[in-house]
Each structure stands twice: as C-alpha cells, then as structure tokens.
C-alpha cells in the first residue's frame, strides 16, 4: 500500500496569491569590507575545525583567510572568538510557490492577507535557520517572482517541471485549470486513448524535446520528471513510457541540465534508476510488497546498492510523512519555534476550525480513523525511509539535503525549520554529523553545478556564511544555534529575521 501524502482535492484553482504584497528590493547592494577575527572554521573540505582564523570579506565574496591577523583598516570587525564559521546551508528541494497549510487559489480576503504575510516571511524563515541557498524543484512563476522580490532572501535556483499530460502533479488540479498551471506538459503517445491531446493544442510544443528546450530557456538548472502513479490506494495516474523518459533524458543532456525524478516507491524508483536519472528527489519510503517491520529486505537492499553504484544523488526527504503526522499531534502548534517562522496571524489561523481543513481531508481519506492511528501509519511508513537512508549511509553514499518544504498543504512543513528538522532526522537515522555537514553544503553545490560559488569556506566563494555558537561536528543542534547569518557579505543578527521580531 502506498502511504497517502495528500489528497487530489486539495487545490481547485490557481490564484494570484504569489503576487500579493510584493516588495521591490535589491539584494545585491555592495557590502562594506568585513573582517571576522579568531573564528573556528568548520567546512566540508577540512578534516577538523581550523581554529583562530581571520576571514576577510570584500563585497559579496571571501577574499582572504589567514592564521595570522590581517590588516584591513577600513573593514568592519567582528571578534568571533568562540564561534564556528560554516558555509550557509543549501536546501535543494523546496517549493517557494506553495504556502504551508493554506488552500491555494482561494480569493477570500482573509486568506489573501494571510498568504501575503507568508510571502513576506518565507525567505526570512529560511535565513533564520541558516538556509542561504534554495533550489525550487517545480515553482510557479508568480511564486518564484514574489520570493525573489523580497528584501532579504536566500539565493534561489530553479528546476523546470516536465509533467506528463494529466499525470502527477497535474492530476491534483481540476481539469479546467491543468493547462494553465502546467502549459509545458509532455504528451505521451502511449496514453493517447485515455489522455488525448486537448483540442487546439500544437503537438510540436509538447514533445519531450520542446518542453525541455522551454525549461532551459527559462534559466533552469535541472528538469524534473514525476514517476508517480498514485497515492494511497490509487495507481491510475498516467506515466511517461520508458521511451519518452529517455527522450527527456537526452534533451536534458543536450541542454546541460540535470535530470531529477520525483519517485518514492520501489516500483517507481526502479524506473528512475534504470534510466538512470541524476537525482532522486525523495528517499525510498514505499516498499510495497517488500514492506517489513525491521531491517532492509534483500530486494530493497539490491535497489539501494544500484543507486550507490550508479552514483545517483538522493534527497532523503525524511520530513515529508512526519509533516503529515504533525497535523494529528495536539502539540504541533504549541511548538515555540513556530512563532519564529510563522507570521502571528497565520499561526493563529492554523489553530482555527478553518485552518484544520487539510486535516479533515486526511481524516476522510483514512475513513475516520483516530488521529493517533493516522499519525502512526505515516511515521511507520517513514521508518522504512529511515532504514533506507541508514543503509545508503553505510554504503558511503553521499546524501543531498532536501526538505521538500512544503511537501503537502500541511502546516507541519515550515520553511527553514523543516530544513533543520531534516538534518535532525538524518542524525536520528544514523547519518554522521560530518556527512550531514557535507549533505547541507558541498554535496548539494557539486550536484547542482554551484561549487564555484558555494559549499565551502574558501577564498573566492560567495560570502553566504553562518556564525554558530556550537560545533556542528559535535551536535546537530548546532545548526539551530545560530548567532549571525552572513548573506552576500552582509551581517544579519538572527533574531531580526524572526516572525515575532
């Protein structure tokens, strides 16, 4: 049985939420020289912290790192004695167009205002947890534009969605708006009988080659395909044929784009690995007929070994199903961290009857089962993902930090906080702290071709950095123990980023 992530009724139309209350700004303003003194550098290329270092930042880049004091008479100085300097975190799986817990497309004035507050706070919440780079794997243009219009924001990179006609995620939308939401879909000839090309559509615009070319023209770094035939008991959503997937792959390579696949079930992931894709955007939580209460069955182990052998990047996304389970916990909205990352009015609305809409959808899908039972089903399914990640880590497979925020319209997935909780879940799965550091920084930068600018604390890199109060190689909690965020050379006191500031 497939674990249900969300219901096909959760969105009915595409609204103009993302364009509300957009602030014009410039993030590229030139920063003054900055000198960090006596800091301990924790960076993935270093075997151990480099202590008592002096780091000179000019404009938006690191220009010098020295064990000796640096003469920089015009620089702003920060005595960072006792602090740890790390690269900023990169979350390689986010959805900036989707507000957690809000129904998309609603035109109710209250919901529009709540969304506007979320649009303003979202990038600040990522920064609050040290996320200085994000990769949106399937963003709506308006939402991406709204994110990039905010005064303070992580650097954003995009992936284009190559969606098969009427397949996931098109299947989540009403027929009347599918083509508006996903105009660049791929027409699958093998599905023509059940899913013919809509009247008036030009077939030449919906070939794999044409769709990938359009994605490349918009400046994307990757193409995302969706290998998903249904959630829960469903298995009727159309898929791309192997031949069509290979054409998408060839077109992506032609345009020097990575091929990323949504796939979380063993049968779906086998299709992705057979190509092979470059990145799996989810861990393996649906084991289907191989489901087991403990251990890793040999069929699953063989599949994971193949992922490792073929050097396929993998984002564990360990917070997807717990984010659903959080709807059914009485203490979720009492978490004090929520006040730091959720606008006050939105947090209050989550606790209202109207704010529980998605929880009611899930309760109906589970036949009115008790809350504790629904939470347990999601968490037990996620345990299989935890075991998969543990197995890959023992193989020495480099992981990619990707939170899939928000994975569904649940308020259980909040920007920034879920990136940190993803790291914490990786630690709970047995991933060593050094491997988590690598997953959050250099692995992502290398995988997505961004290592020239990001991923390490080195001269020449963009100065997106964190000053932590504790050593992240000693405790995963250090990633929530941030004193200051440095964004393009600009120093930001962490608490000024909080929603309750």
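The values are calculated or read from the model by the stated rules, or taken from the named source; none is laboratory data. Computed from a prediction, not measured in an experiment: that's the story for all the values here. Note: ideal-geometry Cβ built from the backbone for every residue, glycine included; neighbour counts use all protein chains shown.
From the list 382, 413, 444, pick out the single residue that is part of a helix (DSSP H, G or I) and farther than 30 Å from residue 61 by Cβ.
382
Of (1) farther than 26 Å from residue 192 by Cα; (2) in a loop (DSSP other than H, G, I, E, B), residue 289 satisfies all except one. Which?
(2)
Quickly run through the stretch 424-433 and pick out the residues that are in a helix (DSSP H, G or I) and either farther than 19 Å from residue 132 by Cα or under 12 Å from the mean Cα position of the chain (by Cα) (or both).
Result: 425, 426, 427, 428, 433.
Is it true that residue 141 is touching a helix residue (DSSP H, G or I) at 6+ places or on another chain (Cβ under 8 Å) and either touching a residue at least 12 places away in the same chain (Cβ under 8 Å) or under 24 Å from residue 402 (Cβ atoms) (or both)?
Spelling it out, it is not the case that residue 141 is touching a helix residue (DSSP H, G or I) at 6+ places or on another chain (Cβ under 8 Å) and either touching a residue at least 12 places away in the same chain (Cβ under 8 Å) or under 24 Å from residue 402 (Cβ atoms) (or both).
Might you check whether a residue that is surrounded by 21 or more Cβ atoms within 10 Å (Cβ to Cβ), over 19 Å from residue 317 (Cα atoms) and either at pLDDT below 95 or over 21 Å from the mean Cα position of the chain (by Cα) (or both) occurs anywhere in the stretch 437-455?
No, because not a single residue in the stretch 437-455 is surrounded by 21 or more Cβ atoms within 10 Å (Cβ to Cβ), over 19 Å from residue 317 (Cα atoms) and either at pLDDT below 95 or over 21 Å from the mean Cα position of the chain (by Cα) (or both).
Would you mind finding the one in 179, 156, 165 that is over 30 Å from residue 477 (Cβ atoms) and either at pLDDT 95 or above or under 21 Å from the mean Cα position of the chain (by Cα) (or both)?
165
Can you tell me how many residues in the stretch 293-304 are in a helix (DSSP H, G or I) and touching a helix residue (DSSP H, G or I) at 6+ places or on another chain (Cβ under 9 Å)?
Qualifying residue count, the stretch 293-304: 6.
Given the options 483, 458, name the one that is over 20 Å from the mean Cα position of the chain (by Cα), surrounded by fewer than 22 Cβ atoms within 10 Å (Cβ to Cβ) and part of a strand (DSSP E or B).
Checking each option against the conditions leaves just 483.
Could you check the stretch 79-104 and list, in sequence order, the residues that are under 32 Å from the mean Cα position of the chain (by Cα) and not in a loop (DSSP other than H, G, I, E, B)?
84, 85, 86, 87, 89, 90, 91, 92, 93, 94
Go through (1) over 15 Å from residue 154 (Cα atoms); (2) surrounded by fewer than 19 Cβ atoms within 10 Å (Cβ to Cβ) one by one and return the number of the condition residue 490 breaks.
Failed condition: (1).
Just checking, which of 415, 398 is closer than 27 Å to residue 478 by Cα and crowded, with 24+ Cβ neighbours inside 10 Å?
Within the list 415, 398, the selection yields 415.
Can you confirm whether residue 308 is assigned to a loop (DSSP other than H, G, I, E, B) and either loosely packed, with under 14 Cβ neighbours inside 10 Å or under 23 Å from the mean Cα position of the chain (by Cα) (or both)?
Considered against the rule, which asks whether it is assigned to a loop (DSSP other than H, G, I, E, B) and either loosely packed, with under 14 Cβ neighbours inside 10 Å or under 23 Å from the mean Cα position of the chain (by Cα) (or both), residue 308 comes out as no.
For the stretch 331-351, which residues satisfy the criterion of being part of a loop (DSSP other than H, G, I, E, B) and touching a residue at least 24 places away in the same chain (Cβ under 8 Å)?
Hits for the stretch 331-351 are 337, 342, 343.
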